[in-house]
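Enquirer: I have a structure I would like to understand better, so I am pasting it below and will then ask my questions one at a time.
The values are calculated or read from the model by the stated rules, or taken from the named source; none is laboratory data. Given the structure is predicted, the values throughout are model-derived calculations rather than measurements. Counting neighbours? That spans all protein chains shown, and the Cβs are built from the backbone with ideal geometry, glycine included. Protein only, heavy atoms only, side chains kept; ligands, DNA and RNA dropped before computing areas. Shrake-Rupley method; radii C 1.70, N 1.55, O 1.52, S 1.80 Å.
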Amino acid sequence: MTYVVKPPAKTETLPDHTQLPESDGTFVKNFQEHPQSILLTESVKNLLQKRHPDGQYCIGQDCGIYWRLTDPPERGAEAPDWFYVPNVPPMLDGQIRRSYVMWQELVPPLIVLEFASGDGSEERDKTPLSRSDEPGAKKPGKFWIYEQVIRPAFYGIYEVKLASIELYCLVGGEYQLVPRNDRGHYPVAPLGVELGIWQGQYQNMELPWLRWWDEQGNLLLMGEERADRLAAQLKALGIEPEA
């Protein structure tokens, strides 16, 4: 059964992003997660600016997506490590978003990424929504929530310890695994990118990192990487960048 978030009859009776908690009191599990999110955002920023010259898109990094009303409110939200929503304003009424509220926005993310610091079982949990909302009722699994309610077109699970990726695409209301291409990357065709693993140093840590490539297999660079490449090209021409 597919669950769809429908617009309420009277939207003024439901809370918006300013009235819902922006944190559930938990903290980032390790030192890699925050830099990983920044790396994904910074490297895809130029591409998104070209795709959205009007600036109408938003990126969430460990931000809540509210999909139903519960008590407490946080129980009705998921907080992906990284997600991108096209064709929505980056701010609402001049305010920075505190969360992404499905009954207010009605536009699902194009892609949601979870960084699994454990064995990935939490991110693959397909437990459906219980018919009882009584205290102690098991919360539905992340996979079920993304597939059946929030419904991003792509859902990615990055197992940090194994440096492996599972990418799912929503087809006919169900997630199907996206196969790797010849470069070992996972295409995200609507965005014109590929997702893969890059081994290298970022923020003083030599690790396998989740990164973007374009459809020709070129790594999408961050600003500092583009500057370093330009400096190397100038030196190859006998020009000192400092000059």
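Enquirer: Could you check R183 against (1) of a type in the set (D, E, K, R); (2) over 14 Å from E114 (Cα atoms); (3) part of a loop (DSSP other than H, G, I, E, B); (4) free of Cβ contacts under 8 Å to residues at least 24 places away in the same chain and say which number it fails?
Expert: Evaluating R183 over (1) of a type in the set (D, E, K, R); (2) over 14 Å from E114 (Cα atoms); (3) part of a loop (DSSP other than H, G, I, E, B); (4) free of Cβ contacts under 8 Å to residues at least 24 places away in the same chain leaves (4) as the failure.
Enquirer: Let me ask something else about it. What tally of residues in segment 80-96 results from selecting those that are in a strand (DSSP E or B) and either within 17 Å of T18 (Cα to Cα) or touching a residue at least 60 places away in the same chain (Cβ under 8 Å) (or both)?
Expert: 6
Enquirer: Could you check, for segment 142-156, whether at least one of its residues is touching a Leu at 6+ places or on another chain (Cβ under 7 Å), at pLDDT 95 or above and on the phi > 0 side of the Ramachandran plot?
Expert: Yes: one or more hits.
Enquirer: Please verify whether segment 115-122 includes one or more residues that are assigned to a strand (DSSP E or B) and not β-branched (V, I, T).
Expert: Scanning segment 115-122 turns up at least one residue that is assigned to a strand (DSSP E or B) and not β-branched (V, I, T).
Enquirer: Which number in (1) closer than 20 Å to H34 by Cα; (2) in contact with a helix residue (DSSP H, G or I) (Cβ under 8 Å, 6 or more places away or on another chain); (3) assigned to a loop (DSSP other than H, G, I, E, B); (4) open to solvent by less than 40 Å² (accessible area, probe 1.4 Å) marks the one condition that L129 misses?
Expert: (1)
Enquirer: Determine which member of the set W67, W82 is of a type in the set (A, V, I, L, M, F, W, C), open to solvent by less than 10 Å² (accessible area, probe 1.4 Å) and in contact with a helix residue (DSSP H, G or I) (Cβ under 6 Å, 6 or more places away or on another chain). Steps first, please.
Expert: Details: W67 fails: open to solvent by less than 10 Å² (accessible area, probe 1.4 Å).
Testing whether each residue is of a type in the set (A, V, I, L, M, F, W, C), open to solvent by less than 10 Å² (accessible area, probe 1.4 Å) and in contact with a helix residue (DSSP H, G or I) (Cβ under 6 Å, 6 or more places away or on another chain) leaves just W82.
Enquirer: Name the residue that is surrounded by the fewest Cβ atoms within 10 Å (Cβ to Cβ), counting only residues in segment 172-218 that are over 15 Å from the mean Cα position of the chain (by Cα) and acidic (D, E).
Expert: Step by step, filter segment 172-218, then rank; the result is D182.
Enquirer: Taking V160 as meeting all but one of (1) within 17 Å of S43 (Cβ to Cβ); (2) at pLDDT below 95; (3) under 18 Å from the mean Cα position of the chain (by Cα); (4) not basic (K, R), write down the number of the exception.
Expert: Unmet for V160, out of (1) within 17 Å of S43 (Cβ to Cβ); (2) at pLDDT below 95; (3) under 18 Å from the mean Cα position of the chain (by Cα); (4) not basic (K, R): (1).
Enquirer: Then there's this: Take the residues of segment 70-79 that are touching a strand residue (DSSP E or B) at 6+ places or on another chain (Cβ under 9 Å) and in contact (Cβ under 8 Å) with a residue 60 or more places away in the chain: which is most open to solvent (accessible area, probe 1.4 Å)?
Expert: T70
Enquirer: List every residue pair whose Cβ atoms sit under 6 Å apart, with the two residues 6 or more apart in sequence or on different chains, where the first one lies in segment 213-226 and is touching a residue at least 60 places away in the same chain (Cβ under 8 Å) and the second, anywhere, is of a type in the set (D, E).
Expert: M222/E42
Enquirer: I want to confirm something. Restricting to segment 85-106 and keeping residues that are surrounded by 13 or more Cβ atoms within 10 Å (Cβ to Cβ) and either more than 24 Å from F143 (Cα to Cα) or among the β-branched types (V, I, T) (or both), which single residue is nearest to the chain's Cα centre (by Cα)?
Expert: In this case the residue turns out to be V85.
Enquirer: A further question on this structure: Filter segment 34-63 for residues that are of a type in the set (S, T, N, Q) and in contact (Cβ under 8 Å) with a residue 40 or more places away in the chain; which is farthest from P86 (Cα to Cα)?
Expert: Q36
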